[in-house]
1. Taking 0.36 nm per residue of sequence separation and subtracting the Cα-Cα distance, how much length would be gained by fully extending the chain between residue 60 and residue 24, in nm to one decimal?
2. As a test of the formula, what do you get for the chain when each DSSP H run with n ≥ 4 contributes -39,500 (n - 2.57) and the sum is divided by the residue count, at 222 nm and rounded to the nearest 500 deg cm²/dmol?
3. Not counting ligands, DNA or RNA, and with a 1.4 Å probe, what is residue 53's accessible surface area in Å² rounded to the nearest 10?
4. Counting only protein heavy atoms and using a 1.4 Å probe, what share of the accessible area of the chain belongs to carbon plus sulfur, as a whole percent?
5. Across the stretch 9-69, what fraction of all alpha-carbon pairs, as a whole percent, falls in each successive 10 Å bin from zero upward?
6. Express the accessible area of the chain per residue in Å², computed with a 1.4 Å probe while the remaining protein chains stay in the model.
7. Can you sort 50, 122, 66, 92 by 1.4 Å-probe accessible area, starting with the largest?
8. In terms of solvent-accessible area of protein heavy atoms at a 1.4 angstrom probe, what is the ranking of 35, 80, 11, highest value first?
Amino acid sequence: ESTTVTVSKEDLKSAIENKEKTVTLATSAAKFELDKKAFEPLSKKGDVTISLTPAKNLNKQVKKAIGNRPVYDIVLKAGDKKVANLNGKLNISLTYKKNAKEKAKGLFVAYVNNNGKILPTIAKSVE
């Protein structure tokens with residue numbers, strides 16, 4: 001399932017004026033939480049959009065590692081430009097229903113870089 005969520009530049013400025021510590025954008029598929037160090041500089045560049053789309057063109061190593069579990073491309077934009085580096089944190093919570101054979105403690109999140117290499121992330125699962 002693809003999803004896109006946007007927060008306007010004006011709403012971000014309001015969050016700054018109200019001394020909010022985080023800005024949360026949520027859909028049925030995911031929740032994205034930006035801390036102030038992340039959203040404050042982005043607010044100067046325009047509306048902030050986060051897109052989550054099923055990943056395509058995965059290499060054999062990635063396909064073997066993930067099996068039939070979901071893989072997503074996540075894109076963060078400020079204005080019309082993709083954001084590659086953040087000053088702060090972006091926490092992402094994804095909705096995933098484990099199958100009967102899976103244990104929540106065995107599930108993990110991995111990052112697949114542009115070269116198709118799987119890298120570990122700091123993540124936790126919640127039942």
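1. Net length gain for the segment: 9.5 nm.
2. Taken over the chain, the calculation gives -5000 deg cm²/dmol.
3. Here the residue's solvent-accessible area equals roughly 50 Å².
4. Summing carbon and sulfur atoms, their accessible area is 48 percent of the total for the chain.
5. The percentages, shortest bin first, are 18, 37, 22, 18, 5.
6. 75
7. 122, 92, 66, 50
8. 80, 11, 35
The values are calculated or read from the model by the stated rules, or taken from the named source; none is laboratory data. Being a predicted model, the structure only gives us computed values, none of them experimental. Cβ atoms come from the backbone with ideal geometry, glycine included; neighbour counts cover every protein chain shown. Side chains are part of the model used for accessible areas, which takes the heavy atoms of the whole protein and leaves out ligands, DNA and RNA. Shrake-Rupley method; radii C 1.70, N 1.55, O 1.52, S 1.80 Å.
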